[in-house]
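Read through the structure below, which is laid out as structure tokens, and then see the notes.
Every number here is computed from the coordinates shown, using simple stated rules; none is lab data. On a predicted model such as this, the values are computed, not experimentally measured, just so you know. Using ideal geometry, Cβ is built from the backbone for each residue, glycine included, and neighbour counts are taken over all protein chains shown.
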Amino acid sequence: MASSKEYIEFVIDHCDGLSARAMMGEYILYYGGKVVGGLYDNRLLVKPTPSAKTLMPTAEYQLPYEGAKEMLLVEDIENRDFLKELFEAMYAELPEPKKRKR
């Protein structure tokens, strides 16, 4: 089951600087141009960075899809302040996006 349009819009609208790109039937999430996670089957999953683990110490690890690496489930998606804090903390730990060859 793919994520609903309503769910995608809800998550994107809850955090300034967050954007999504459709990929393989689901959505990859970007914050400040860096990949922070994705929306999979109406679940917000983020990369398990040290700061994400610290901010969500009891978060459940889940697979976004068969064969993928485990990610952390974000349950408090209605808390704008928490989402902003989470993505800002993760941003500092994530690598710069790779430049595309032209």
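Structure data summary
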| item | result |
| --- | --- |
| Residue that is surrounded by the fewest Cβ atoms within 10 Å (Cβ to Cβ) [pool: residues in the range 79-99 that are in a helix (DSSP H, G or I) and not charged (D, E, K, R)] | 92 |
| Number of the condition not met by residue 15 [criteria: (1) in a loop (DSSP other than H, G, I, E, B); (2) over 13 Å from residue 87 (Cβ atoms)] | (2) |
| Pairs where the first residue, in the range 30-48, is without any contact (Cβ under 8 Å) to a residue 60 or more places away in the chain and closer than 10 Å to residue 87 by Cα and the second is in a strand (DSSP E or B) and charged (D, E, K, R), C-beta under 9 Å, 6+ apart | 30/21 |
| Candidate set: the range 51-72, residues that are among the hydrophobic types (A, V, I, L, M, F, W, C) and surrounded by 18 or more Cβ atoms within 10 Å (Cβ to Cβ); chosen: the one farthest from residue 2 (Cα to Cα) | 55 |
| Tabulated pairs, the range 3-17, first closer than 14 Å to residue 37 by Cα, second among the β-branched types (Val, Ile, Thr), C-beta under 8 angstrom, 6+ apart or interchain | 11/77 |
